[in-house]
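The values are calculated or read from the model by the stated rules, or taken from the named source; none is laboratory data. Because the structure is a prediction, the values reported are computed rather than measured. Virtual Cβ from ideal backbone geometry, glycine too; neighbours counted across all protein chains shown.
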Amino acid sequence: MTDAPTSFPPLIVGTDAAAVRRVFRGPLILTSVMACLVAAVAVAVGVGVASSSDDVVLGFVLGLVVLLWSAYFVWMLVYLVRAVERRASIGRALTLDHDGMEWAIPEGSIVVPWPLITAVSSRTRSRYRILTYRLADGVTAETPGVRSDLSRKHVRLITRRGLQIGSAGIDVSIDTIVAATAAFTQGRLVPR
């Protein structure tokens, strides 16, 4: 054996578009059903109130209020579909190498060197594991070693909340990402 450092190839974590759509299938169906159900309730309320009383305007107003609620659910559905498609189309979500990590999110990308990452934590939500990489205080897009095309708002949010990747919708297991993180940082960053 030699004392030469072992060279690891970069780990590229891609987005599994089918898995992303599968994860969001439940919320999409629920939002679609609610939009249709609320629209049907709007019509029923409008017709029911208008036919049971002499006040047609009251029936129209109540039906319109419930119909606006339906419009809100339609807006939520469109927003959710756009978010799912943006997330599914990222392609390469994360790249880990000897220098650091490159994250791609729908808003842009950020490259962070390993010395600026202070900790890694792991948690479980539902049946999915989520890794959170904590950045050093005061990291901005202008910090030496950091490259980003994200807005200042997004960089501040990342600095405050950390960079998160979940096991849902990626083509590499979380355990592989944890092992690569530990290998590239010589064991300094291990999830707690």
Residue list for segment 1-21, restricted to those being touching a Ser or Thr at 6+ places or on another chain (Cβ under 9 Å) and either modelled with pLDDT under 55 or outside any helix (DSSP H, G or I) (or both):
PRO10, LEU11, ILE12, VAL13, THR15
What number goes with the only condition from (1) out of contact with any strand residue (DSSP E or B) (no Cβ under 8 Å at 6 or more places or on another chain); (2) basic (Lys, Arg); (3) surrounded by 13 or more Cβ atoms within 10 Å (Cβ to Cβ) that ARG134 does not pass?
(1)
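If only one of LEU131, LEU157, LEU116 is among the aliphatic types (A, V, I, L, M) and free of Cβ contacts under 8 Å to residues at least 24 places away in the same chain, which one is it?
Selected residue: LEU157, the only one of LEU131, LEU157, LEU116 that is among the aliphatic types (A, V, I, L, M) and free of Cβ contacts under 8 Å to residues at least 24 places away in the same chain.
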Given the residues LEU116, LEU135, LEU131, which is the only one that is aliphatic (A, V, I, L, M) and under 25 Å from ALA18 (Cα atoms)?
LEU131
Name the single residue, out of those in segment 15-34 being out of contact with any Phe, Trp or Tyr (no Cβ under 7 Å at 6 or more places or on another chain) and of a type outside the set (A, V, I, L, M, F, W, C), that is surrounded by the most Cβ atoms within 10 Å (Cβ to Cβ).
THR15
Matching entry among ALA71, ALA104, ALA93 (being small (Gly, Ala, Ser) and more than 24 Å from ARG156 (Cβ to Cβ))
ALA71
